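Notes follow once the structure below has been shown.
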Amino acid sequence: MFLNSWLNIADVVRNDDLWGAFTAYPDGSRQFKDLISVNGMKTADGFPFGSAFCSFLLRHQFGNNRISFEEGLLTPLHCHNFIELGYVAEGHLKQHIAGRDYMFNQGEMFLINKNITHGEYLYRKNMTILFLNISNAFFDKSMNHRDLVDREPEDFIRHFMIAKNEEYCFVRFVPRGGEVPPRIPGLFEEIRAELRKPEAGSSHIVIGLVERLLSLLSLEYILFVEPNSRTAAGDRSFEQLRRYLEDHHPDVTMEDLIAVFGHNRDYFNRLIKRHMGMTYSAFLRSIRLDKAALLLKITDLPVEEVALRVGYEDPGYFYKIFRGKFNKNPGAMRNSESVNCEL
């Protein structure tokens, strides 16, 4: 397998350089800044965990990293803003995905959806795993380079990966008849080789090779879908977001959330929509107005001051949205007997 020689190359780079195509955040999320990347990891008796990486645009971000580990170590849980396609080239892979453990066997492939928390268990048995990381932008680029070959298989994968990206946690691909398509290992090697030493036309070649690999998924594999659901981790993520919005509601921005939690704008909108049935802006507005209603009840602050304290500089707009939520003016709220909100 090509990973053996890859992990033994001399040009080892620093860990921060190695993962230059990613931005990692404290909550475990990873943002991918490239179109395509391929990496692999290997464990074996007497061989420490090794990983290697190379990327489509950041062509010099290539190298390997080795660490020692305890038997059964679970790598740090993380999620990312790209689709991760894994291939078990040797041995077995045990993964922790969205709060549950799953075993993937040699020859199988798996596709982990965006924003799904997961990690790998490491054992000293022989194991070689290859990963292909694909951003959504890849499909826009690849669809602009259509040829005369039937592209229905790729279109199916494209639709499944993007159009249905909220409906599944991961997808397992089991080889039809139990035999691994012989072209799969070769395609990973060809992609790696083009990324490692790009020449004229390499970008088009890489896109074509990835398209070919995706087409084989629908032609040569049986697909099993693990549905997405409201996991405990997802609920915790929402509660962390809600508390942050309540603590910083007067001046919080979407850019603040991205910087603190590391997810993109669409992730926050989906998370709030799933839990509250409203958009981010509507949810933040509701929090602000609830805070305003309570301030009106427990303080003698002028209405204009209350509006400023919850983030609204325009009193006219504040009056309008306040009436829209509570069906009464701020003054009437101040004189009412009770208010159903918390500071």
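Every number here is computed from the coordinates shown, using simple stated rules; none is lab data. Keep in mind the model is a prediction, meaning the values are calculated, not measured. Virtual Cβ from ideal backbone geometry, glycine too; neighbours counted across all protein chains shown.
Loop-only check: which GluC sites (Glu not before Pro) in region 185-274 are DSSP coil with at most 11 other Cβ within 10 angstrom?
Counting only loop positions with at most 11 other Cβ atoms within 10 Å, the GluC sites (Glu not before Pro) in region 185-274 are 199.
Give the whole-number value, in cubic angstrom per residue, of the convex hull volume spanned by the C-alpha atoms of region 195-286.
In region 195-286, the Cα convex hull volume per residue is 177 Å³.
What is the calculated FRET efficiency for residue 125 to residue 219, with r their C-beta to C-beta distance and R₀ = 45 Å, to the nearest 0.05?
For residue 125 and residue 219, the calculated efficiency is 0.90.
Please list, ordered by chain and number, the residues whose modelled amide H lies under 5 Å from the amide H of residue 123; skip anything fewer than 5 residues away on the same chain.
The answer is 72.
Between residue 193 and residue 73, what length in nm is gained on full extension when 0.36 nm per residue of separation is reduced by their alpha carbon distance?
40.1 nm
Cross-link list 273/320; 273/325; 114/325; 42/197; 297/320: which exceed 30 angstrom alpha carbon to alpha carbon?
114/325
So if we plug the beta-carbon distance of residue 212 and residue 266 into 1/(1 + (r/R0)^6) with R0 = 35 Å, what FRET efficiency do we get, rounded to 0.05?
Calculated value: 0.75.
Between residue 103 and residue 329, how many nm apart are label points set 7 Å from Cα along the C-beta direction?
7.1 nm
Amide H neighbours of residue 35 under 5 Å, counting only residues 5+ apart in sequence or on other chains, H built in-plane at 1.01 Å?
The answer is 56, 57.
Quick one: plug the Kirkwood hydrodynamic radius of region 232-335 (C-alpha pairs) into Stokes-Einstein at 25 °C, 0.890 mPa s, and report D in µm²/s.
169 µm²/s
With θ taken as phi - 60° and the coefficients 6.51, -1.76 and 1.60, list the Karplus ³J(HN,Hα) couplings across region 290-300 in order, rounded to whole Hz; mark glycine and proline as x.
After applying 6.51 cos²θ - 1.76 cosθ + 1.60, I find 4, 5, 5, 4, 6, 4, 5, 7, 10, 10, 9 Hz.
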